[in-house]
Structures are given as C-alpha cells and as structure tokens.
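Participant: First the structure, then my questions, so here it is.
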Amino acid sequence: MDVLDLTRLQFAVVTIYHYLFVPLSICLASAAAGLQLAWMRTGSEKYLHLTKFVGKLLIVTFAVGVVTGLVQEFQFGLGWSAFARFYGDVFGPTLAIEGMLAFFLEATFLALWYFGWDRLPRRLHAATIVIVAAGTLLSAYIILAANSFMQNPVAYALDPETGRAHLTSFTELLTNEVVLAAFPHTMAGAAMAGGGLLLAIGVWRFKADASFLTLSRLGAWVMLVGGLGTVISGDHIGKVMTAVQPMKMAAAEALYETTTGAPFSVFAIGELGHDRPFFSIEVPKLLSFLGTGSFNGTVQGIDDLQAAYAAQHGPGSYVPMIPVAFWTFRLMMGAGILAMIVAGYHLWSTSSFKLRFLRFLPAILQPGNGTPRIFLRFIWLAPILPAAANTFGWVFTETARQPWLAFGISKVADGISPGLTSAEVITSLAGFTLVYGILALAWTRLVMHLSRQPLEPDKAVESAPEPVPAY
C-alpha cells in the first residue's frame with residue numbers, strides 16, 4: 001500500500017470507530033429525555049429508574065465519542081493538510097459550531113442533568129436532558145451539512161489566486177439537498193443503533209428486574225420505527241444521490257450500460273464487470289424506481305459516465321471500487337432488515353397475542369425459563385446489526401464517491417499532506433488502533449457493569465421478583 005492508500009485506511013479506521021458511538025449517543029440522549037418526561041407524566045418509579053440507567057449509558061458513550069471525535073480534527077492536519085487548506089474556509093465554521101455544541105452545550109447540560117437530581121426543580125432538570133437531546137440532533141445536522149458539501153458542493157466560490165474554496169452562504173450550505181435527505185436517514189439509523197443496545201441489555205437483564213422488560217420493548221420499538229424510517233428516507237436519498245452523483249448509483253448495481261427499466265440484483269455470483277454475473281437474483285425495474293421514482297426510468301451506466309467525466313474533468317479513471325460499492329450497498333440493507341426482524345420478533349414474543357401461537361412453534365422457539373431460547377442465543381446481534389448497517393452505509397457513501405474528495409472539484413490524491421511518509425502513517429495508525437482498542441474494552445466493561453447493577457439502588461439483584469410478563 002502506498003501513502004495514499006495508508007492514509008485512506010487510517011481515516012476509515014478512525015472514522016468508522018468514532019461513528020460506532022455517535023448514533024448511540026444521539027439515541028440514548030433522546031431515550032433518556034423521553035423516559036424522564038414519561039416519569040413526570042405518569043409518576044411511575046419504573047420510568048425514573050430507567051431514566052437514570054439510560055443516562056449513565058449515555059454519559060459513558062458520550063465520553064468515548066468525544067475522545068474519538070477529537071482525533072477526527074487532528075487527522076486533517078496529520079494526513080489531509082492539503083485538503084484542509086482547500087476546504088478549510090467551508091469546513092471550519094461547521095467544525096467550530098459543532099465543537100461548541102458538543103463541548104459546551106451538550107457536555108454542560110449533561111453535567112447539569114447528572115448532578116442536578118434533587119438539586120434542580122423538576123421541570124428545569126428535565127429541560128437539561130431535553131437540551132442535550134436537541135443538541136445532539138443539531139450537532140449531527142451540522143456535521144452532515146459539512147459532509148454533504150463533499151457529496152454535492154454548494155455555497156462556495158474558488159479564489160482565483162489561491163485556488164481555495166471559500167464559503168459564500170452558510171444558509172445555503174445548511175440547506176443542501178443532500179443534507180436534507182441524509183439527516184432523517186442518518187437519524188433513523190441512529191435510532192436503530194441505540195434501540196438495539198437497549199433491546200440487548202433489556203433481554204439480558206429482564207429476569208433480574210421486570211423494568212428491564214420495559215427497556216427491551218422500548219428498544220425494540222425504537223429499533224423497528226428507526227428501521228422503517230431508514231427505508232422511507234433511503235428511498236428519497238437514493239433519488240437525490242442519482243441526481244447529484246449518478247456514478248454512485250451505477251456503482252451500487254455495477255451497471256455499465258445505460259439502461260431503461262434497470263433491475264436491482266439482490267444477490268449475485270460472478271465477476272462484477274461488463275458481463276453480468278453468471279448467476280443473480282434480480283428484481284425487475286427496481287433500480288430505476290430507486291434512482292428515478294419510475295419503474296421505466298433511465299439509469300446512466302458506468303461507461304457513459306466515465307466518458308462524460310473524462311471529457312469534463314480531464315483524462316483519468318472516475319470509476320470507484322465497484323465490488324466495494326456493490327456489496328456494501330447490499331450488506332447495509334441486509335443488516336438493517338435483519339435488525340428489524342429481531343426487533344419485530346421481540347415485540348411479538350413479549351405481547352399477549354403470541355400466546356395462542358406458541359404451540360405451533362418449533363421446539364427451539366418455545367419458551368425456556370421465560371425467554372425464547374433462540375432469542376437469547378442471538379441477542380448479541382441486536383446492537384451489532386444496526387452498527388453494521390450504519391458502517392456499511394457510510395463505507396458505501398464515501399468509497400463510491402471516489403476518486404473525489406469534494407465531488408467534481410477536488411480529488412482524494414490531491415488532498416493528502418505533502419511530505420507524508422508511509423512510516424508516519426503506519427505509526428499513527430498503530431497508535432490509534434491501540435488506544436481505540438483500550439477504549440473499546442473500557443466502554444464494554446463499563447456498559448456491562450452498569451447493566452448488572454439493580455435499577456433500584458436499595459434492591460439487591462438476588463431478591464428481585466420474576467418478571468410478570470412471561471414469554
């Protein structure tokens with residue numbers, strides 16, 4: 001691997017790792033706010049205990065997310081200084097505002113919420129966690145606006161002397177059609193990630209306290225609704241993507257020839273080249289509908305787009321890594337669908353309606369000690385599947401844009417720091433990997449420790465009653 005490949009690998013490792021915690025923080029903040037408001041409305045102690053528990057998970061996750069997020073900014077100076085010089089006038093304001101939101105608004109009000117129990121008036125105390133939840137959403141929107149510039153550059157002008165891009169309208173940057181489509185899709189994915197974590201913890205611990213069953217069902221509902229949101233918003237973002245980056249949609253299907261009524265391959269075996277795979281399962285005309293909204297719409301092929309880009313931007317390859325784009329697109333959808341199935345099964349298996357159907361189930365699906373055996377066996381998939389879907393989605397989004405950093409105006413090869421050596425990149429990547437491994441272990445141990453604790457401080461786990469709703 002050359003310096004460019006190593007630098008891209010480093011950015012991918014750091015970014016993917018950081019993003020494991022971002023959607024969790026977004027969802028957990030909203031979940032804690034919702035539970036506290038439910039407690040204030042109903043007066044149920046169950047919601048109070050769940051609020052404090054989810055809040056502790058939020059604090060641990062938020063702390064790791066902040067630490068890993070700092071490295072994101074350092075990376076621009078370390079490996080991408082040329083890109084930072086070109087893009088800094090556009091990216092700078094968004095990073096500054098997001099930093100103030102994350103470090104001042106979110107962190108400050110999260111601290112006020114945590115230390116404000118029994119010290120602040122009830123409504124004022126609840127307002128602090130609501131502000132935290134709103135801050136995470138606003139912070140996410142601003143960062144997505146910065147990323148959307150890279151997908152669809154708007155609100156900029158190139159300085160004729162320096163060649164740098166400078167911002168012409170912050171409002172236009174925030175209303176980029178890509179960010180308007182990407183924000184609901186990303187937030188729906190965050191709901192799936194956080195819901196999956198709550199579902200897994202709830203199922204793991206509900207025998208210790210019946211309140212954990214409520215937590216598991218809350219997580220399942222959030223996960224299921226988030227999944228439906230990703231489907232609806234994904235349909236819209238697919239059409240926006242086709243309009244602003246037609247090569248990305250063509251790469252998602254490995255479609256080399258412009259096609260009217262293009263099919264979508266659910267699964268394929270064979271080389272993804274000009275010749276179609278020797279075996280594929282296709283849904284007729286689905287790709288045209290995903291890209292244009294019409295089953296008879298025309299989707300541009302890779303060959304025609306390559307020729308057009310070469311004529312517009314000069315000689316060179318403008319085709320991304322087709323196998324990566326093709327399979328990450330399907331893995332994203334597959335992991336998301338499986339996550340929705342897990343959530344739906346849990347909601348069904350804990351409802352009163354399933355009782356009449358239990359006798360028809362195979363033995364492995366029958367209740368065992370209050371919990372379906374197969375569900376306990378695979379409950380660890382609940383948080384992993386949404387995380388995988390989010391990761392595959394971002395890998396597709398970023399790699400299928402190649403070779404562009406900012407689409408149409410700046411290439412990846414032009415963005416790395418001049419004079420950067422392979423040894424420097426490998427050393428920093430090894431350091432990041434070591435620190436991130438330690439952080440992952442610490443976060444996992446803390447989450448498991450918090451989950452093992454009784455929800456009520458004065459109640460021992462051993463004396464906890466069996467949950468009333470039996471499987």
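The values are calculated or read from the model by the stated rules, or taken from the named source; none is laboratory data. From a predicted model like this one, the values you see are computed outputs, not experimental measurements. No Cβ is skipped: glycine too gets one built from the backbone with ideal geometry, and neighbour counts run over all protein chains shown. Just so you know, the surface numbers come from the protein's heavy atoms only, side chains and all, with ligands and any DNA or RNA stripped out. Shrake-Rupley method; radii C 1.70, N 1.55, O 1.52, S 1.80 Å.
Participant: Going by amide H atoms built from the backbone, whose H comes under 5 Å of the H on S410, apart from near neighbours?
Facilitator: Hits under the 5 Å cutoff: L405.
Participant: With all protein chains present, how much of the accessible area of the chain (probe radius 1.4 Å) comes from carbon and sulfur, to the nearest whole percent? Spell out each step's value before the answer.
Facilitator: Details: 14650 of 21510 Å².
The computed percentage sits at 68.
Participant: Okay, next question. What percent does the relative contact order of the chain come to when contacts are Cα pairs within less than 8 Å and at least six residues apart? Display every interim value, and only then the final one.
Facilitator: Working: 697 pairs, mean separation 92.3, N = 471.
In percent, rounded to a whole number, it is 20.
Participant: Could you give the nm distance between label points at S317 and F115, where each point is 7 Å from its Cα heading toward the beta carbon?
Facilitator: 5.6 nm
Participant: Oh, and also: At 1.4 Å probe radius, can you tell me the per residue accessible area of region 1-160 in Å²?
Facilitator: Values: 6710 Å² over 160 residues.
Normalised by residue count, the accessible surface of region 1-160 is 42 Å².
Participant: Say R0 is 35 Å: what FRET efficiency, to the nearest 0.05, do E73 and A210 get from their beta-carbon distance?
Facilitator: Working: r = 45 Å, r/R0 = 1.27.
The calculated FRET efficiency here is 0.20.
Participant: While we're looking at this one, here's another question. Need one word for region 226-275: rounded, prolate or oblate. Basis is the Cα gyration tensor (sqrt eigenvalues a ≥ b ≥ c); a/c below 1.5 gives rounded, then a/b vs b/c decides. Write out the running numbers ahead of the final one.
Facilitator: Values: a/c = 2.53, a/b = 1.54, b/c = 1.65.
Taking the square roots of the gyration eigenvalues as a ≥ b ≥ c, region 226-275 is oblate.
Participant: In whole Hz and in residue order, list the ³J(HN,Hα) couplings for region 77-85 that follow from phi through the Karplus curve 6.51 cos²θ - 1.76 cosθ + 1.60, θ = phi - 60°; x for Gly and Pro.
Facilitator: x, 6, x, 9, 5, 5, 5, 4, 5
Participant: Using 0.36 nm per residue of separation minus the Cα-Cα distance, give me the extension gain between T444 and T162 in nm, one decimal.
Facilitator: Values: separation 282, 0.36 × 282 = 101.52 nm, distance 4.73 nm.
Length difference between fully extended and current span is 96.8 nm.
Participant: Rank L381, L331, L455 by accessible area, highest first, at a 1.4 Å probe radius? Mind showing how you got there, number by number?
Facilitator: Values: L381 45, L331 80, L455 15 Å².
The most accessible residue leads, giving L331, L381, L455.
Participant: Further question: What is the set of long-range amide H partners of E282 at a cut-off below 5 Å, with H atoms built 1.01 Å from backbone N?
Facilitator: The list, which skips near neighbours in sequence, is V266.
Participant: Which one, (i) 73, 53, 41; (ii) 76, 51, 49; (iii) 77, 58, 44, gives Cα extents along the principal axes in Å as derived from the coordinates shown?
Facilitator: (i)
Participant: Follow-up. Hey, how many Å between the Cα centroid of region 125-180 and the Cα centroid of region 2-58?
Facilitator: 21 Å
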